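J.: Let me give you the structure first, and then I'll get to my questions.
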Amino acid sequence: MARVLIVVLVIVATLAGAGTALGTFHLDRDLDVGTVRLSVNPGHRGALDLYVPLVDWGVRFPVVRLPARVNVDVRSIDRDAVVRLAEAGALDARQVREQARDALASYLRLAIGVATLAGLALGLLVALAARGGRGPRLRVTLATAALTSLAVAVALVLLLPPRSNVDSPQYYANGPEVPAALRTLETLGASSRTLDDEIDEQLVGIARLVTAPANRAPLQASSPRLTVASDLHNNVIALPALERAARGGPLLFAGDLTDRGSAIERALALRIVRAGESLVFVAGNHDSDVSERQLARAGAVVLTRKGRKNADGSFGPLVVRVGGLRIAGYDDPLKRLRRENYRDHGARPSEAEQQAFATWLEHVRGRADVVMVHSPRLAGDAVETLRADPPADPLVIVWGHTHTPELRQDGTLTTVNPGSLGGGGTGKLAEGGGDIGLARLVYDRVPRFAPRAADLVQIDPGDGSAQAQRHRLDEPAASLE
């Protein structure tokens, strides 16, 4: 038993020495566009992490197979080089890309070497300290340290270097101010004509610097935008994050503002009216007819299948103009009614209700740029018909209910589900899937409505950390589910 324990101790010491060295070894490298710091953090989900401390945000690529995060932190940026690059000057993007690749490759070689030697040194030290007595012979423990360090080196060589595929990046910020990070992203993106997309402009040569395709123009900082949210379920804790995200544009809320439609919930949830330049609302199955009236009286644009609901209970136009967009909405047929004592009707619409929505959607087709409905199940058959035969003009359908973020583009038809703003309610914040979800849509309104990009944002309600993923919608694309 003593011999086995000593051998195990040598293995553990070797691994600990390698892990500690890997986690503490870092290098600073100078590129034409600035200075970066390269490091590794073991014990994380494998990723290549590109971080800009100056604006406290970054982008993460899931391309590392080892449970470790390879970090590329931008320590300083050469302003003149960035300006030349943004103005399509003489900066060689291929050279910068090669510099970044070479810097990362040389760092990883050194890091693997340092980790291997440090693990070997600590393993040998423990082997020498445990020699004699009833333990194994010295040559056994020395061989154990050497073999373990060799195994560490092989594992690092095979699993640590990032793979070449860097699809599906995720934006993130070390705090709740994701909208500020996105605005920074969009502002820098407005001036560049040589980079592939917004993240390339931020990282200037650290990521995938390539020339812009001829069919893709950078987003303009002045482009209008709106925020999409759904399923608050009376979780007022999430409202500050929504208020920050919705600044500077309309807020479209696709139902389930409350959980039971009670008076206390309605009073708390009315704060949402102050989020965004204007609130456009359709009822979900957890909302009520009384909630609709209260929101309308507070100044919200409340949409129903009969038209906009006025404060006095009457109905206005079927299609309204908000933020330069034509918007129509269909209230959920399973919403709670005061005359029924707010009885729960469940969440499964009947075939007749699905057909009624399909008929209504055909009536507004061509008259609206955005259609809002709470339940994908209610709208499913009608939307599948549209996917098979997309409308002539761009149409965005906003829905919620599933608490799962989703973005899909089929020709001119785009469907957006922001996920759950309330994480299923205050009672479920600690459960799996409790992140606060919302979406932002960037669009053109002249000469006609055209969606340009959509950001799906997820915020951890526990520590405020957040991430966002951008999809461009202004070029031919397959499904983005």
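Only the coordinates and a few stated rules stand behind these numbers; no lab work does. This one's a predicted model, so the numbers in the text were calculated from it and none came from an experiment. Reconstructed Cβ throughout: ideal geometry from the backbone, glycine too, with neighbour counts over all protein chains shown.
J.: Quick one: order HIS286, HIS233 by neighbouring beta-carbon count within 10 Å, fewest to most. It would help to have the intermediate numbers written out before the result.
T.: Details: HIS286 28, HIS233 25.
Lowest to highest Cβ neighbour count: HIS233, HIS286.
J.: Which of the peptides 441-450, 402-411 is most tightly packed, and how do the rest follow, judged by the mean count of other Cβ atoms within 10 Å per residue?
T.: Sorting 441-450, 402-411 by mean packing, highest first, produces 402-411, 441-450.
J.: Now, a different point. Towards the positive end of the charge dipole of segment 92-163, with charges on Cβ (+1 Lys, Arg; -1 Asp, Glu), say which of ALA100, SER149, LEU128 has the farthest Cα.
T.: Projecting each Cα onto the dipole axis, the largest value belongs to LEU128.
J.: Give me the extension gain from ARG260 to THR385: residue separation times 0.36 nm, minus the current Cα-Cα distance, reported in nm with one decimal.
T.: Numbers: separation 125, 0.36 × 125 = 45.00 nm, distance 3.29 nm.
Gain on stretching ARG260 to THR385: 41.7 nm.
J.: Same structure again: Given a Förster distance of 51 angstrom, what is the FRET efficiency for LEU27 paired with ARG274, based on the Cβ-Cβ distance and rounded to 0.05?
T.: Numbers: r = 49 Å, r/R0 = 0.96.
Using R0 = 51 Å, I get an efficiency of 0.55.
J.: So, in nm, how far is label MET1 from label SER314 when the simple model puts each one 7 Å beyond its Cα toward the Cβ?
T.: 9.0
J.: Let's see if you can work this out: charge +1 on each Lys and Arg Cβ, -1 on each Asp and Glu Cβ, no other charges. What is the dipole magnitude of segment 225-472 about its Cα centre, in debye to the nearest 20?
T.: 820
J.: Taking R0 as 51 Å, what FRET efficiency do you get between ALA155 and LYS306 from their Cβ-Cβ distance, rounded to the nearest 0.05?
T.: 0.20
J.: How much length would be gained if the chain were fully extended between ARG65 and SER223, taking 0.36 nm per residue of separation minus their Cα-Cα distance, in nm to one decimal?
T.: 53.0 nm
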